[in-house]
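Data block below; observations after.
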Amino acid sequence: MSFRFQDRAHAGRALAEKLAGFSNRPEVVVLGLPRGGVPVAFEVARRLQAALDVFLVRKLGVPGHEELAMGAIASGNICFLNDNIIHSLGISPEVVEQAIARERRELEQRERAFRLGPAVELCDRVVILVDDGLATGATMRAAVIAVQERQPARVIVAVPVAARDTYREFKQQADEIICVQTPVNFEGVGQWYEDFSQTSDEEVRALLQQGSLFGRNAVMPSPVEESVQLTAGSVVLEGNLGIPARAAGVVLFAHGSGSSRRSARNRAVAAAFRQAGLGTLLFDLLSPEEEATDARTMHLRFDIPLLAERLVAALDWMENRAEARGLPLGLFGASTGAAAALVAAAQRPNAVGAVVSRGGRPDLAADALPDVQAPTLLIVGENDPEVLALNHWAQSQLRCKHELAIVPGATHLFEEPGTLDKVAQLAGDWFLREL
């Protein structure tokens, strides 16, 4: 149900609750777009206890069609030009240079008005870009592009209200967009505020001054390395959890016979993931008694609904862990565990950000394949013809973004020198990109 915010402070508090998972994380920085975005950003930064700064960006509008951006300039002497638009519209270099000079003068004037000290460092940070709302989103698009030039770990667009079409567009343009509401009858941002009076330069400066201490007491999270137990139905499953201090996400491992925790190959891949900045959870999909039974009968490792049920329980457990709060989750499945990972991804589309299958049997998840939404990478050895054929078939059933990577010279278990390292590299790159 849509509603109107009392003012920008009220909107900021509502937005901050949506971002609560980023609280007390020293890698997070909140940037407000002046002027109207700063009161909203102030409330967000106060709730998260995150560093607050202003991000000055000026869109370079196409002459006569200023809503269409041909580029942008931003704090830090950043200039981005959209060559496709410039060339397709035949805009001369002289016109572009005039626009840059004009907007740079305005940017420098605002820098003098708002800047209280050096700009916050954005490299490898989680950057939350905040404005009071998105109509066409032209200025925010320019801000996203400019921030990405500084190589942050993630860029999150956060606004109290947005037009639905613009909201959908930003799902592709930023790593994430968080919004309190996207009303059906959207005619303008001001429509959704009781008080939408203009924010003054003095108010911006006062808020930035008051917010300059935010984040000072945030403690860098310590790396996690511990044995854990999680409950799945009537059984207790053993696991090993490892999360680097600045993890980009957490990957849950699913081994076909249930023994992810002890699998030498999974441990080697998990170590590579942690080195790359990804957390890992290796856990046994089967209890000790079930594993003993499976060693004799080999039937539980093919019970995909059971394995998927255990993996879903692990996802739910991980989402409630304080160390992983706000971190995206991925699934890494091997053999029949890959089928369980795909079924779990289909059942928990909002929880699973990416899936990787190593020498997997995705065909055993046949009914679930069309429902998988998470980007999926299938990795198969070149000399594993039967499994390769099954993965080719699975590709035809997937509707999500997916790729098939074939490791040269590898057989089913990737025992050949260097082949498991290649798996770790392919999978790690996939998770870092898609999560």
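None of the figures in this text is laboratory data; all of them are computed from the coordinates on show. Given the structure is predicted, the values throughout are model-derived calculations rather than measurements. Here the Cβ positions follow ideal geometry from the backbone for every residue, glycine too, while neighbour counts run over all protein chains shown.
Based on Cβ point charges of +1 for Lys and Arg and -1 for Asp and Glu, what charge dipole magnitude is obtained for segment 224-434 about its Cα centre, in debye rounded to the nearest 20?
Numbers: 18 positive and 25 negative charges, 96 e Å.
Result for segment 224-434 is approximately 460 debye, rounded to the nearest 20.
Is segment 309-354 rounded, prolate or oblate when judged by the Cα gyration tensor, a ≥ b ≥ c being the square roots of its eigenvalues, rounded requiring a/c under 1.5 and prolate requiring a/b larger than b/c? Here segment 309-354 falls in the prolate category. When the helices of the chain are scored as -39500 (n - 2.57) per DSSP H run of n ≥ 4 and the total is divided over every residue, the value at 222 nm lands at -11500 deg cm²/dmol.
Counting only alpha carbon atoms, the long axis of helix 93-114 and the longest principal axis of the chain meet at about 90°. Between the Cα long axis of helix 304-319 and the first principal axis of the chain there is an angle of about 40°, rounded to the nearest 10. The alpha carbon gyration tensor of segment 77-199 gives principal lengths a ≥ b ≥ c with a/c below 1.5, which makes the shape rounded.
For the chain, the longest stretch holding no GluC sites (Glu not before Pro) located in a DSSP loop with at most 13 other Cβ atoms within 10 Å is which? Value returned for the longest uninterrupted segment is 195-414.
Taking 20 Å as the straight-line reach from the Cα of Lys401, the lysines in range (excluding those fewer than 8 positions away in the same chain) are Lys171.
Spatially, segment 159-229 and segment 97-145 are offset by 15 Å when compared through their Cα centroids.
Under 1.5 on a/c is rounded, so check that first for the chain, then, if it is not, pick prolate when a/b is larger than b/c and oblate when it is not; a ≥ b ≥ c are the square roots of the alpha carbon gyration tensor eigenvalues.
prolate
The modelled label-to-label distance for the pair Leu68/Val96, using points 7 Å beyond Cα in the direction of Cβ, is 1.6 nm. Each of Gln151 and Asp367 was given a label point 7 Å from its Cα along the Cα-to-Cβ line. The distance between the two points is 4.9 nm. Taking Cα atoms only, the orientation of helix 419-434 departs from the longest principal axis of the chain by about 30 degrees.
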